[in-house]
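Bear in mind these aren't lab numbers, they're just calculated from the coordinates by the rules spelled out. On a predicted model such as this, the values are computed, not experimentally measured, just so you know. Note that each Cβ is placed from the backbone with ideal geometry, even for glycine, and that neighbours are counted across all protein chains shown.
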Amino acid sequence: MLFRSFFSSHREASDACALRKFGIASVFATTLFVGGVALGQGVGGGGNNNNNNNNNNNGNFNNNGFNLGNRVGGVKVDANGVLRTLSVQEQDEALEEARRSIVGPQGELKTPANQRLVSLKKIQQIVLESQKLQKPLPEEVSYLGGLTRVTNVFVYPDRNDIVIAGPAEPWTVGPNGTIVGIQSGRPIVMLDDLLNAMRTVESARNTGISVSIDPTEEGTVRLRKLLSQVKITANQSNWQSLETAMRDAFGPQQVKLQGVSANTRMARIILTADYKMKLYGMNLEKAPVGGLPSYLDMMVQSKGRNVQSRWWMTCDYSSIEHSADRLAWKISGRGIKTLTEEEQIAADGSVSQKGKADPIAKKWADTFTSKLEELSVKDPVFGELRNIMDLCVVAAIIQSNGLQELAGCDLSACMGDNAQPTLSQVAFPTSLDPQCSFVRAAQGFVVSASGGVMVDSWQVAATAKASDELRVSPQGKLWSEENRIWQ
């Protein structure tokens, strides 16, 4: 599975000249590609809008537990289908709604565990039974026993089961209503994301999944016309009005989705993480952690050259190991990093990659990477993205290594395009407000920034190597309670 994303600037060279002399201006359009691309294949083009089902579910309990519907990751989709950041009042309301709805961990789940095991066979059984009887799932199922990362996959042929495992904590409500671990503040791994990673494992490998945010042709023409008419002088006083005019001219960007249902939590999390990285990088929102200036701040301070750069978040695993009998698997590493590459923008607005990184852009990418662990707590959408990456790697390991056959465990009701569980319904935007940043500088630059997400889960799984030291956890050989998913 491969999630591919980039922001692309749609500005002619003449538009750049209009603002180069006295400031830094940035206008964005975004394309996010998610898909199963053959190893070594380059970034491809977009796709048709085959699955853009906007859903404004209010988010009560469904078959997979409580979800915040329209408010996921600190953003919302307004009545016009536009993605927007939550106001302070809306954040407070989201927190209160989540706090009223949560029950909290019970019994042994109140105690943290260095390694907790979660049975995929039992998840499938409980989810299908709940769906059949129209009963809500308990929190311990929706929140996968409090897992905060997935670090292992174990296969138990004697019990015909496949188990995922990792550190676990009691859960509570964190920033923006996200469910997080009480001790670490890291987002809890969600059942809904696991089911979606399993559901899309084959379609992602075969046909790809794409999310794109594209400018309208009308908006591009309006912006080009505006910039051709603007004259900026050293004593320019109406910078704010010019920024507003740029936003109005460019207009909303159109959101398209292919290969995964638009109204799923996973689609919103991937899009939101992409969106938030852009806000922090382009000084449109201050990062909630220290030591992470915006890319525009770095450009101004360094007096760097005028470049077009793109950034993307991708998998970062130090190793994938398995035992000689392939019954035990270990996933190691921080899971996520940020990369950068220069882009060249042609006069017609087309974008090509130059295959090298600008030093300032690389410094920002490296700084962002170093802060992702802190960001995962302060802005949990990045931790949720990392959890999705982990789960996609798990799904790829299971599917590419025949672990169902090895375990004698049939997960077909949850795995692949014909998966039966109903996923949580989450509103997905049909458009995105244009993102413009205007910064005065001693030297003038026009900067077009890009960003996105790329999850190379199939490629990561293909790097697995045998380890003589790895063994299945004896904890899972006997299941203490047949009616629960964890132990």
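Each residue of region 467-479 was assigned a 3J(HN,Hα) from its phi angle through the Karplus curve 6.51 cos²θ - 1.76 cosθ + 1.60 (θ = phi - 60°); the sequence is 10, 6, 8, 7, 9, 5, 6, x, 4, x, 5, 10, 9 Hz, with glycine and proline shown as x.
Would you mind checking the pairs Lys76/Lys356; Lys225/Lys356; Lys278/Lys356; Lys225/Lys286 and listing those with alpha carbons more than 24 angstrom apart?
Checking Cα-Cα distances, Lys76/Lys356; Lys225/Lys356; Lys225/Lys286 exceed 24 Å.
For Val377, neighbours were defined as the other residues whose beta-carbon sits under 15 Å from its Cβ, and their charges (Lys and Arg +1, Asp and Glu -1) total +2.
In terms of packing, defined here as the mean over residues of other Cβ atoms within 10 angstrom, the peptides 270-282, 411-423, 146-158, 126-138 line up highest first as 270-282, 146-158, 411-423, 126-138. Around the amide H of Asp161, modelled in the peptide plane, lie the amide H atoms of Tyr156, all under 5 Å away and 5 or more residues distant in sequence or on another chain. The phi-based Karplus calculation (6.51 cos²θ - 1.76 cosθ + 1.60; θ = phi - 60°) puts the 3J(HN,Hα) values of region 266-281 at 4, 4, 5, 5, 4, 5, 5, 4, 4, 4, 5, 4, 5, 4, 5, x Hz, whole numbers, x for Gly and Pro. For Lys330, the aspartates and glutamates whose Cα falls under 16 Å of its own Cα, not counting residues fewer than eight places away in the same chain, are Asp316, Glu321, Asp390, Asp468, Glu469.
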